[in-house]
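This is the structure I have questions about; it appears just below.
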Amino acid sequence: MKKSGKVTIYVLVVIVFFLTIPEIVIRVLTPEQFARLSDFTSFGGLFSHLLSLLIFLGLASILLGVLAIFLTKKIYRHLTCDRS
């Protein structure tokens, strides 16, 4: 596969993770858990609680997207290799 095709796959997966993971986290957490998580990610009050939580969720979803592609590639290569 050409490099542009690989980049396209990475970008699409990261976008999907970026849109779904924060949505799921925000819907699933109770208000108390949400407040505790935003306090944890506020960097000592440097940023607002909601902004820091959104930055944290965005970075975590991007990292999970890249990790998912890496693991999928490893599993696919392992399953398709010849076992002579």
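Please enumerate the residues belonging to the range 7-22 that are open to solvent by less than 80 Å² (accessible area, probe 1.4 Å) and in contact (Cβ under 8 Å) with a residue 40 or more places away in the chain.
Applying the first criterion (open to solvent by less than 80 Å² (accessible area, probe 1.4 Å)) to the range 7-22 yields 7-11, 13-14, 17, 20-22.
Listed by number, the residues that qualify are I9, Y10, V13, V14, F17, T20, I21.
Given the options T80, T41, T72, T30, name the one that is of a type outside the set (F, W, Y) and touching a Leu at 6+ places or on another chain (Cβ under 6 Å). I'd like the intermediate steps shown before the answer.
Working: T80 fails: touching a Leu at 6+ places or on another chain (Cβ under 6 Å); T72 fails: touching a Leu at 6+ places or on another chain (Cβ under 6 Å); T30 fails: touching a Leu at 6+ places or on another chain (Cβ under 6 Å).
Among T80, T41, T72, T30, only T41 is of a type outside the set (F, W, Y) and touching a Leu at 6+ places or on another chain (Cβ under 6 Å).
Among residues belonging to the range 1-56 that are assigned to a loop (DSSP other than H, G, I, E, B) and at pLDDT 85 or above, point out the one that is farthest from I69 (Cα to Cα). Show your work before the answer.
So the first thing to find is which residues in the range 1-56 are assigned to a loop (DSSP other than H, G, I, E, B), and the list is 1-2, 29-30, 41-48.
Of the ones still in play, those that are also at pLDDT 85 or above are 29-30.
Values: L29: 27, T30: 30 Å.
Only one residue fits best here, namely T30.
Checking the conditions here, which among V25, V66 is open to solvent by 50 Å² or more (accessible area, probe 1.4 Å) and either hydroxyl-bearing (S, T, Y) or touching a residue at least 24 places away in the same chain (Cβ under 8 Å) (or both)?
Values: V25 fails: open to solvent by 50 Å² or more (accessible area, probe 1.4 Å).
Just a single option satisfies the conditions, and that option is V66.
For K73, which of the numbered conditions (1) open to solvent by 80 Å² or more (accessible area, probe 1.4 Å); (2) within 30 Å of G5 (Cα to Cα); (3) modelled with pLDDT of 85 or more fails to hold?
Of (1) open to solvent by 80 Å² or more (accessible area, probe 1.4 Å); (2) within 30 Å of G5 (Cα to Cα); (3) modelled with pLDDT of 85 or more, only one is false for K73: (1).
The values are calculated or read from the model by the stated rules, or taken from the named source; none is laboratory data. Predicted model, so just to flag it, every value in this text is computed and none were measured. Backbone-built Cβ (ideal geometry, glycine too); neighbour counts: all protein chains shown. Heavy atoms of the whole protein, side chains included, go into the accessibility calculation; ligands, DNA and RNA do not. Shrake-Rupley method; radii C 1.70, N 1.55, O 1.52, S 1.80 Å.
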